Protein chains: 2
Amino acid sequence: MTESESATVDLEIIVQGTQEGKKQELRLWLRMLSTTKLISQEIRRRLRNEFGATLPQFDLMAQLYRERDGLRLGELSKRTMVTNGNVTGLVERLETDGLVLRATPDGDRRVTVAKLTARGETLFSAMAAAHEGWLRDMMADVDPAIISELWQDIGAVKSSVSNHLSGADFD
Amino acid sequence: MTESESATVDLEIIVQGTQEGKKQELRLWLRMLSTTKLISQEIRRRLRNEFGATLPQFDLMAQLYRERDGLRLGELSKRTMVTNGNVTGLVERLETDGLVLRATPDGDRRVTVAKLTARGETLFSAMAAAHEGWLRDMMADVDPAIISELWQDIGAVKSSVSNHLSGADFD
DNA sequence: GAGCAACATTTGAAATGTCAAAGGTTTGCC
DNA sequence: GGCAAACCTTTGACATTTCAAATGTTGCTC
């Protein structure tokens, strides 16, 4: 934005501040939310149909795939943004399906570490490849430059939100 | 690394360490998802603490607030992007709390119409005002121009996604 | 006017989600 | 040594979520 445009911009800001512009954030949020829901539902449907897996299971396995030595449940909880109690159940079901193993390390018996089994790794590998393709397809009509820009700008939003949380949510 | 000091957890780890060019869409998706989760959790916490309400209840009431004559459950389902079966339970609980009323119109007895009660309208009105403020606060660090741009560009993403769904479902 | 397809909602099973409280373990400190 | 605080996970109650099947209604056709 050049300085030569500043007069126009000032006018726009005044108008925005007094009228329409008040709900920009709300409008953005609603669009983010509906878009995210739309994509989530599509991914969930495909994971189910093609792999018999759920989205939370996929998310959890993604974290374990990145840490081949396994992760403590609390760490899994943080990375997946899922509550502790929820992680317990998720891992439990994945263990029943033979995709994940649970173990308690010798050093600290408070801890449970979850780890992908060989079968889990194989399955996730296939799911991840498909998953990436689905996203490319879904966003096929969007200019790559826009995608990159969105990644940046949403990062700014995420930062701002992180700095304005009410709950005891800092470390 | 500015984000790393917050409690924000990156689901973006999946992409880490791979080549730059190829996974833009995946990278964007993961950031959208984690940001949306972050904001949702904050709003849910505040709705709970300050109004004793849940986020899906808020969403549903928002639709009814815009249509004072009420909406059929199927229409509510579409607008909130929630399945039919889910709407049944949500409306049921809201009715128990005296915030919503259910009625069957004379013309068509297949239909159930849900409508806000006076108490529901009052409560939602207060929640909506607070909700809007929370979003403004959370996004306070983001340039208004960026917010507007994001709204536009996410619209493009939503459009693209809508045109590439597998389930026969687009409008 | 009987039957059938289309429509709208509910129901039921299974999974995910939150929160708060309870259960073990470890650590630090006197 | 012993105790209390801190830590990690599980449990339990309840709300939300999906899907598929069942239920009830309407409208159309023959």
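The values are calculated or read from the model by the stated rules, or taken from the named source; none is laboratory data. Being a predicted model, the structure only gives us computed values, none of them experimental. Note: ideal-geometry Cβ built from the backbone for every residue, glycine included; neighbour counts use all protein chains shown. Please note that ligands, DNA and RNA were not included when accessible areas were found on the heavy atoms of the full protein model with its side chains. Shrake-Rupley method; radii C 1.70, N 1.55, O 1.52, S 1.80 Å.
Which of (1) in a helix (DSSP H, G or I); (2) within 30 Å of A:LEU150 (Cα to Cα); (3) in contact with a helix residue (DSSP H, G or I) (Cβ under 7 Å, 6 or more places away or on another chain) does B:ALA129 not meet, given it meets every other one?
So the condition that B:ALA129 fails would be (3).
Is there a residue in region A:103-115 that is open to solvent by 50 Å² or more (accessible area, probe 1.4 Å), part of a helix (DSSP H, G or I) and away from DNA strand C (no atom under 14 Å from the Cβ)?
No, every residue in region A:103-115 fails to be open to solvent by 50 Å² or more (accessible area, probe 1.4 Å), part of a helix (DSSP H, G or I) and away from DNA strand C (no atom under 14 Å from the Cβ).
Could you give every pair whose Cβ atoms fall below 8 Å, whose first residue belongs to region B:34-55 and is in contact (Cβ under 8 Å) with a residue 60 or more places away in the chain, and whose second residue is small (Gly, Ala, Ser), counting only separations of at least 6 or pairs across chains?
Pairs found: B:GLU42/A:SER166; B:GLU42/A:GLY167; B:ARG46/A:SER166; B:ARG46/B:ALA130; B:LEU47/B:ALA53; B:GLU50/B:ALA130; B:PHE51/B:ALA126; B:PHE51/B:ALA130.
List the pairs whose first member sits in region A:108-120 and is free of Cβ contacts under 8 Å to residues at least 12 places away in the same chain and charged (D, E, K, R), whose second member is outside any helix (DSSP H, G or I) and within 16 Å of DNA strand D (Cβ to nearest atom), and whose Cβ atoms are under 9 Å apart, counting only residues at least 6 apart or on separate chains?
A:ARG110/A:THR104
Could you tell me which of the residues A:SER166, A:SER148 is outside any helix (DSSP H, G or I) and at the interface with chain B (Cβ under 7 Å from one of its Cβ atoms)?
Details: A:SER148 fails: outside any helix (DSSP H, G or I).
Among A:SER166, A:SER148, only A:SER166 is outside any helix (DSSP H, G or I) and at the interface with chain B (Cβ under 7 Å from one of its Cβ atoms).
Please count how many residues of region B:67-85 are touching a Lys or Arg at 6+ places or on another chain (Cβ under 6 Å) and within 8 Å of DNA strand C (Cβ to nearest atom).
Residues meeting the conditions: 0.
Yes or no, residue by residue, for (1) under 30 Å from A:HIS164 (Cα atoms); (2) within 13 Å of DNA strand D (Cβ to nearest atom); (3) hydrophobic (A, V, I, L, M, F, W, C):
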| residue | (1), (2), (3) |
| --- | --- |
| B:ARG31 | yes, no, no |
| B:THR80 | yes, yes, no |
| B:VAL87 | no, yes, yes |
| B:VAL91 | no, yes, yes |
| B:VAL111 | no, yes, yes |
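Residue-by-condition table, conditions (1) modelled with pLDDT of 95 or more; (2) out of contact with any Phe, Trp or Tyr (no Cβ under 9 Å at 6 or more places or on another chain):
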residue: A:SER4; (1), (2): no, yes
residue: A:ILE14; (1), (2): no, yes
residue: A:GLY17; (1), (2): no, yes
residue: A:LEU26; (1), (2): yes, yes
residue: A:LEU33; (1), (2): yes, yes
residue: A:LEU38; (1), (2): yes, yes
residue: A:LEU47; (1), (2): yes, no
residue: A:LEU55; (1), (2): yes, yes
residue: A:ALA62; (1), (2): yes, no
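Restricting to region B:65-85, give me the number of residues that are part of a helix (DSSP H, G or I) and either touching a residue at least 60 places away in the same chain (Cβ under 8 Å) or open to solvent by 20 Å² or more (accessible area, probe 1.4 Å) (or both).
Selection size over region B:65-85: 9.
Can you confirm whether region B:55-66 contains a residue that is more than 14 Å from chain A (Cβ to nearest Cβ) and near DNA strand C (Cβ under 9 Å from one of its atoms)?
Checked against the condition, which is being more than 14 Å from chain A (Cβ to nearest Cβ) and near DNA strand C (Cβ under 9 Å from one of its atoms), region B:55-66 yields no hits at all.
Only residues that are within 17 Å of the chain's Cα centre (by Cα) and open to solvent by 20 Å² or more (accessible area, probe 1.4 Å): list them for region B:34-50, please.
Result: B:LYS37, B:GLN41, B:ARG44, B:ARG45, B:ARG46, B:ARG48.
Does region A:86-96 hold any residues that are away from chain B (no Cβ under 14 Å) and either surrounded by 18 or more Cβ atoms within 10 Å (Cβ to Cβ) or more than 6 Å from DNA strand C (Cβ to nearest atom) (or both), and which are they?
Of everything in region A:86-96, those that are away from chain B (no Cβ under 14 Å) and either surrounded by 18 or more Cβ atoms within 10 Å (Cβ to Cβ) or more than 6 Å from DNA strand C (Cβ to nearest atom) (or both) turn out to be A:THR88, A:LEU90, A:VAL91, A:GLU92, A:LEU94, A:GLU95, A:THR96.
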